[in-house]
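Let me begin by presenting the structure, written as structure tokens, before commenting on it.
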Amino acid sequence: MTDPVIETDRALVARSVSKSFGAVHALQHVDFRVRPGTVHALVGENGAGKSTLAKILAGIESSDTGGMTIDGVAYAPRDRAEGKARGVNMVPQQLSLVGELSLVENLLLAGPRRIVRRAAALRTRTATLERSGGSVDLDAPTATLSQAHRQLGEIVVALAEGATTIILDEPTASLGPVEVGGLFAHLRALCDIGTAIVLITHRLDEVRAVADDVTVLSHGRLVHHGPARGLSAADVALLMVGELPDPAPRAERHRGDAVLSIESVTAASDTDAALTDVTLALHAGEIVGVAGVAGSGQNTLLDVLAGMRSPASGTVTFDGRTAPTAADLLRGGVAWIPEERSDALVPTMTLGDTLALYSAARGERRRTGDTDAAAQLRAFDVRPPTPALAAGGLSGGNQQKLLVSRELGRTWPGTPTGAPRVVLAYGPTQGLDLRAAQAIRERLVAAAESGAAVLVASHDLEEIRDLADRVVVLFSGRVVADLTADEATTSRVGAAMAGIDARDEETT
Ligand SMILES: Nc1ncnc2c1ncn2[C@@H]1O[C@H](COP(=O)(O)OP(=O)(O)OP(=O)(O)O)[C@@H](O)[C@H]1O
Ligand SMILES: [Mg+2]
């Protein structure tokens, strides 16, 4: 019997690859093989070694031991450029396009030749896009594009550079179902022209929808590889994170007074939709879900609620006081988990300092010691729970756990119970494996049970339906629906997200 990993026809093959960071064995003797014209899902829990393997395949990191071949020929890239020269390109977990530049300018920047005419760049890009059946505004600054379009843009840049193997590290972590559908249609079109795709994801429905092959890593080791066909959702989940614990029982919650509210707020934003005449009250003990396609104003809304952006008109009220400053909100117990991790974490800062970051601003006198910090990191399953480590050394999912632990894991000095009074979270489980995501959802429910007013914005409708007592839908910066949990059916929320007013439809 031939081992499918060792067999070499046209394929990118890695054999017995190992990589350590200090004492951490990120990869141990991992074999991997991706065939042209297929989508290969690379899955496993947070910190399993997926990004590390991807970076080695792309030449961004080098392995300690082991080797690689492409179509049977030795492949030992010393850097990313050498990987690209052999046709292997990676779209990283944190997007790499320069935000102020347009896609064309980014291509010029990334172009292999030093002098590339803009027109030629545009042609290549357009041709590549058409080949893969997509359309993206090539001249808009990439920062103004939606996440989905930026992802597509990254893929197009990779293709224009001649990639035959494209590695996507969690491209869908912050995308909604419509955008994911669009992206996957492109991936299939790319496969049809022979491109090999490595897709790192935590969403098991995606593995089942789009993958031909699956490789599962656990604690840096290969634990499964084989065809995706025939695997049930339960099989994949079991392979990804093992047996999931039963969800914690939920206590009765009582909706209390409004803690933080905005009335008739209009606010501009350069990266998201502006808010127009938005009124919203967050009540103690209630979880409000905010649904909407990416770029519908969720970031602007969270920024206004967290005091990061002052509205052009309208009022913000916190605890009966109007126009609170960001510092008032911080001190008063408003936890803030923004969509972009990079807005809230500093990669060079240690985990211990990250946890203590807002202590002063929030009026805490005592600095958290390392023992406390380690305990807090362990409570949120941040791996490794080492306060002296730099945040940038954590895997993507563990950075997310760190951020959530800083906001939800602390004892808030300004509040009677030590629990936050308000939790503002956008995509709190993005990049988390199934087990970690479940744990964070339980934390959010627990916060509401202890009286916090909780807002959860997410592109994942299931997450919103699972958590929310009330669902508000944003479209183009306006609230187009405000529904009870019972009213918030997938079709009704979906219609509102697309800008169709379901109530109009029902009554006419
Ligand atoms: N630059 C680094 N310095 C120190 N440790 C690192 C570094 N990069 C990765 N690691 C460690 O290697 C291990 C594997 O990390 P990796 O990023 O590959 O995980 P992952 O499977 O991509 O996880 P996630 O799903 O959270 O993105 C982790 O324990 C991580 O802390
Ligand atoms: Mg990763």
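A few points about this structure:
- In units of the rule-of-thumb radius 2.2 N^0.38 Å, the range 240-307 shows an alpha carbon radius of gyration of 1.50.
- Summarising the strand pairing of the range 158-278, around 60 percent of its internal DSSP beta bridges are antiparallel.
- Local electrostatic count, His219, Cβ distance below 11 Å [Lys/Arg +1, Asp/Glu -1]: +1
- For the range 298-343, the alpha-carbon coordinates run over 31, 24, 13 Å along the three principal axes, in decreasing order.
- Sparse-neighbourhood loop sites, trypsin sites (Lys or Arg not before Pro) in the range 202-284 - DSSP loop, at most 15 other Cβ within 10 angstrom: Arg229, Arg250, Arg255
- The Cα trace of the range 168-252 gives Rg and Dmax of 14.9, 54 Å, the first to one decimal, the second as a whole number.
- Candidate cross-link partners of Lys84 among the lysines, defined by an alpha-carbon separation under 30 Å and a same-chain spacing of 8 or more, comprise Lys19, Lys50, Lys55.
- All alpha carbon pair distances within the range 218-259 were sorted into 5 Å bins beginning at 0; the resulting P(r) in whole percents reads 5, 14, 18, 14, 10, 8, 8, 7, 8, 6, 3.
- A viscosity of 1.002 mPa s and a temperature of 20 °C, combined with the Kirkwood radius over Cα pairs in Stokes-Einstein, give a translational diffusion coefficient for the range 337-468 of 144 µm²/s.
- Residue list for the range 274-290, given a label point 7 angstrom along the Cα-to-Cβ vector of Thr489 and an amide N cut-off under 18 Å: none
- By the Kirkwood approach, averaging reciprocal distances over each pair of separate Cα atoms, the range 284-397 gets a hydrodynamic radius of 16.3 Å.
Read-outs throughout are calculated quantities, based only on the coordinates presented, and are distinct from any laboratory measurement. Computed from a predicted model, the values in this text were never measured in an experiment. Positions of Cβ are backbone-derived with ideal geometry, glycine not excepted, and every protein chain shown enters the neighbour counts.
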